[in-house]
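Working notes, beginning with the structure itself.
The values are calculated or read from the model by the stated rules, or taken from the named source; none is laboratory data. Owing to the predicted nature of the structure, the values given are computational and were not obtained by experimental measurement. Cβ atoms come from the backbone with ideal geometry, glycine included; neighbour counts cover every protein chain shown.
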Amino acid sequence: MLVQLDDLDARDLAKVRPVAFLILNTSPGNHQAWVAVGDPGDPDFARRLKKGAGADPTASSATRVAGSVNFKDKYAPNFPRVAIAHISPGLIVSKTRLEELGLVAAPEEPPARVSRPPARGRSRPRPDYERCVREAPRNHGDTAPDISRADFTWCMIAIDWGFPVGVVAERLLEASSKAREQGDRYASLTAGKAAAAVARRRPPNDKPNPV
């Protein structure tokens, strides 16, 4: 299993470095690490590793090529060049090793619904996207809400209310400026990951509302 650990700050990067086969410096003070896990076993392991390592849980797994330029508006006009910060060819680590280093979050017990769905038979409004933005954690630069987290949370609520994944991805493109900037693939990946998270958290006998 290849796991992308994105948006790592200096503290989290130091913990991950011994187990990463590749680390990219994607912008000033920001890094992305890749870890190859030989025996993950648990299909939820990637999410737990991201959480335990302090990485962005909603990252799309897209990566930037070393030597390319990171053309984000916030870096204009001095766009940073992506560089390899660390490489360890052929490094594959075990699940046990990652757990010993304290990089893996504990499994989560499925809580109750992430939100209260609208009553059946009534017009079904969409979740409040602006509220998700207001309540999102700050980004790594502490300059604004983390829109990736807001998008992920909004998708989880919509799916928990019973909206199909495809519809959620379409509506995310309408609601989120980041989704429009990143395109269909970002929206589909975010909605898909949210659906998987809702499925993990939903009690076994609990079924979503019919659409």
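With in contact with a His (Cβ under 9 Å, 6 or more places away or on another chain) and either farther than 18 Å from Glu100 by Cα or surrounded by fewer than 16 Cβ atoms within 10 Å (Cβ to Cβ) (or both) as the only criterion, which of Ala76, Ala62, Ala85 stands out?
Ala85
Anything in segment 1-51 that is assigned to a loop (DSSP other than H, G, I, E, B) and modelled with pLDDT of 95 or more? List them, or say none.
Ala20, Phe21
Check Ser88, Ser68 and return the single one that is at pLDDT 90 or above and either under 22 Å from the mean Cα position of the chain (by Cα) or more than 23 Å from Ala14 (Cβ to Cβ) (or both).
Going through Ser88, Ser68 in turn, just one is at pLDDT 90 or above and either under 22 Å from the mean Cα position of the chain (by Cα) or more than 23 Å from Ala14 (Cβ to Cβ) (or both): Ser68.
Is it true that Val82 is β-branched (Val, Ile, Thr), in contact with a Gly (Cβ under 8 Å, 6 or more places away or on another chain) and in contact (Cβ under 8 Å) with a residue 40 or more places away in the chain?
When the stated conditions are applied, Val82 passes them.
Taking segment 146-188 on its own, how many of its residues are among the basic types (Lys, Arg) and within 14 Å of Thr58 (Cβ to Cβ)?
Residues flagged as among the basic types (Lys, Arg) and within 14 Å of Thr58 (Cβ to Cβ) within segment 146-188 amount to 3.
Restricted to segment 93-106, and to residues that are of a type outside the set (Asp, Glu), loosely packed, with under 12 Cβ neighbours inside 10 Å and on the phi < 0 side of the Ramachandran plot, which residue is modelled with the lowest pLDDT?
By that ranking, first place goes to Ala106.
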